[in-house]
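The values are calculated or read from the model by the stated rules, or taken from the named source; none is laboratory data. Remember, it's a predicted structure, so these values are computed and weren't measured experimentally. As a convention, Cβ positions derive from the backbone with ideal geometry for all residues, glycine included, and neighbour counts pool all protein chains shown. To get the accessible areas, we keep the full protein, side chains included, count just its heavy atoms, and leave off ligands, DNA and RNA. Shrake-Rupley method; radii C 1.70, N 1.55, O 1.52, S 1.80 Å.
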Amino acid sequence: MNTKTGNLTQCGIVEFPKVSDDRGSLTFLEAGHHIPFEIKRVYYSYDIPDVDSVRGAHGHKKLEQVIIAMSGSFSVTLSDGFCEKTFHLNRAWRGLYVAPGMWRLVENFSSGAVCMVLASALYNPDDYIRDYDAFCQYVRA
Ligand code: TYD
């Protein structure tokens, strides 16, 4: 195992506060309380054309993320180069924490799905590994 990266057991579903009343529901995320890193960037995918669309399909070296289905649903398959696990996201009050050194595949988008990602760093193409074999070599080095 590459000690620079994490492993799959560190990844998992985190639940956020949800306040519901007859006007609907509200979820809040506070720095230092609900997200296990300082949020440096937020991005989101939407207008996904169909259920066959695939996003992600890359690894990150150092980036930590929390992925949230703000609307609709999709699945996220994570691999640490040794094991993989699939998580189904379909609630805005739940997120998937993704440790450093994970390959991710985001797919099975429902109609109208919005995939929001909270990230621990600004966009950096050098943190990406876009070839799965190269990713496995990196994490196994
Ligand atoms: P891409 O990595 O293909 O998205 P996904 O992880 O959902 O498959 O990114 C699509 C494009 O957007 C690509 O040209 C890089 C750019 N991009 C940014 O400029 N900033 C960002 O924060 C992100 C996530 C992507």
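Which of GLU30, GLU38, GLU107 ends up with the largest GNM mean-square fluctuation for the chain, with Cα atoms connected below 10 Å? Maximum among the listed residues: GLU30. Structural descriptor for the chain: relative contact order 36 percent, calculated from alpha carbon pairs under 8 angstrom and at least 6 residues apart.
Between GLY101, GLY56, GLY24, the Gaussian network model of the chain with springs among Cα atoms under 10 angstrom shows the greatest mean-square fluctuation at GLY24.
The solvent-accessible area of SER110, taken with every protein chain present and a 1.4 Å probe, is close to 40 Å². Distance between the C-alpha centres of the stretch 20-54 and the stretch 104-141: 16 Å, rounded to the whole angstrom. Here the Karplus curve 6.51 cos²θ - 1.76 cosθ + 1.60, taken at θ = phi - 60°, turns the phi angles of the stretch 41-52 into couplings of 7, 10, 9, 8, 10, 7, 6, 5, x, 7, 5, 7 Hz, with x standing for Gly and Pro. Here the label points at VAL14 and HIS34, each 7 Å from Cα along the C-beta direction, are separated by 1.0 nm in the simple model. Largest GNM mean-square fluctuation among ASP127, ASP22, ASP47, using the chain with Cα springs under 10 Å: ASP22. Taking every lysine pair in the chain that is 8 or more places apart or spans two chains, those with Cα atoms closer than 23 Å amount to 8. With R₀ fixed at 25 Å, the C-beta to C-beta distance from SER71 to ASP21 puts the FRET efficiency at about 0.80.
The region of the chain that goes longest without hitting one of the trypsin sites (Lys or Arg not before Pro) in a DSSP loop, each with at most 14 other Cβ atoms within 10 Å, is 63-129.
Converting phi to 3J(HN,Hα) with the Karplus coefficients 6.51, -1.76 and 1.60 and the offset θ = phi - 60°, the stretch 28-34 yields 10, 10, 9, 4, x, 10, 10 Hz in sequence order, with x at every glycine or proline. When the surface is traced with a 1.4 Å probe over the full set of protein chains, VAL19 keeps roughly 80 Å² accessible.
For THR9, the shell of other residues with beta-carbons less than 11 Å away shows a net charge of 0, using +1 for Lys and Arg and -1 for Asp and Glu.
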